[in-house]
Amino acid sequence: MTQLLRGHNLMVSADGFGAGEDPSSTRPFGHADPADLASWAGATASWPNRTEPGGSRGLDDHFTREFHRNIDAEIMGRGKFGPQRGPWEDLSWQGWWGDEPPFRTPVFVLTHHVRPSFSLGGTTFHFLEAGPAEALTRAKEAAAGRDVRLGGGPSTVRAFFEAGLIDTLHVAVAPVRLGRGQRLWNAPEDFGDGYHHESVPSPSGVVHHLYWRR
């Protein structure tokens, strides 16, 4: 069975930003309110952090479930892992997700400053100084026949897209404007070369954009 590199639930503002400016240890989305980008997923019945019964079904719930289906490794950029830049000055920082990160797979963090691997719950973080193709080879080996998820952030997604390595991509565009920050695209059509593209509006107000290789 062919292993795929899949992007899932990448959340973007209507003006193309995947996160705001100036992220910090307490604000991973910088000046942006994460609820503005992610409320559609948090309202679903399948949202993993749900503490009460209920939640929406339908299209948004389908994409929330797809996040984990047949995935056994993730690739992310250093900016998604944390706000530090340059050499690691604080190795006690272990990401924004607490003691139980939601990935529950090996996660390969792309960085120019390698640090030792560590595990939290069912997630092990590995730090690689590698280009997209090498990182994907490592992640596919770790996934042992299952698919690899491309987790972001925006610059990492663009790098893998420009390298022609993404097989399928799902981007949820929220009806908010951030004005500045980390840009994924100028318009959804920027990712059209070599891919089929469909957009599907949801009752929640987001528009789901789907890309798959031609």
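Taking segment 39-49 on its own, how many of its residues are without any contact (Cβ under 8 Å) to a residue 60 or more places away in the chain and of a type in the set (G, A, S)?
Matching residues across segment 39-49 total 3.
Does D60 count as surrounded by 14 or more Cβ atoms within 10 Å (Cβ to Cβ), farther than 24 Å from L184 by Cβ, acidic (D, E) and touching a residue at least 12 places away in the same chain (Cβ under 8 Å)?
no
Would you mind finding the one in R104, R214, R149 that is within 15 Å of L4 (Cβ to Cβ) and modelled with pLDDT under 95?
Only one candidate qualifies: R214.
So M1 passes all but one of these: (1) surrounded by fewer than 19 Cβ atoms within 10 Å (Cβ to Cβ); (2) over 28 Å from A139 (Cα atoms); (3) touching a residue at least 60 places away in the same chain (Cβ under 8 Å). Which condition number does it fail?
Against the list (1) surrounded by fewer than 19 Cβ atoms within 10 Å (Cβ to Cβ); (2) over 28 Å from A139 (Cα atoms); (3) touching a residue at least 60 places away in the same chain (Cβ under 8 Å), M1 comes up short only on (2).
Please determine, by comparing only the residues of segment 190-209 that are over 16 Å from G164 (Cα atoms) and without any contact (Cβ under 8 Å) to a residue 60 or more places away in the chain, which one is surrounded by the fewest Cβ atoms within 10 Å (Cβ to Cβ).
Filtering segment 190-209 for residues that are over 16 Å from G164 (Cα atoms) and without any contact (Cβ under 8 Å) to a residue 60 or more places away in the chain, the one surrounded by the fewest Cβ atoms within 10 Å (Cβ to Cβ) comes out as E198.
Please verify whether V114 is free of Cβ contacts under 8 Å to residues at least 24 places away in the same chain and either aliphatic (A, V, I, L, M) or part of a helix (DSSP H, G or I) (or both), treating the condition exactly as stated.
Answer is yes for this residue.
Report, by residue number, each residue of segment 117-150 that is part of a strand (DSSP E or B) and among the β-branched types (V, I, T).
T123, T124, V148
Looking only at segment 118-150, filter to residues that are touching a residue at least 60 places away in the same chain (Cβ under 8 Å) and in contact with a Phe, Trp or Tyr (Cβ under 8 Å, 6 or more places away or on another chain); which one of those is surrounded by the fewest Cβ atoms within 10 Å (Cβ to Cβ)?
A142
Being out of contact with any Asp or Glu (no Cβ under 6 Å at 6 or more places or on another chain), assigned to a loop (DSSP other than H, G, I, E, B) and of a type outside the set (D, E) is the filter; apply it to segment 151-178 and report the residue that is surrounded by the most Cβ atoms within 10 Å (Cβ to Cβ).
In this case the residue turns out to be L178.
The values are calculated or read from the model by the stated rules, or taken from the named source; none is laboratory data. All figures in this text were calculated on a predicted structure; none of them were measured in a lab. Counting neighbours? That spans all protein chains shown, and the Cβs are built from the backbone with ideal geometry, glycine included.
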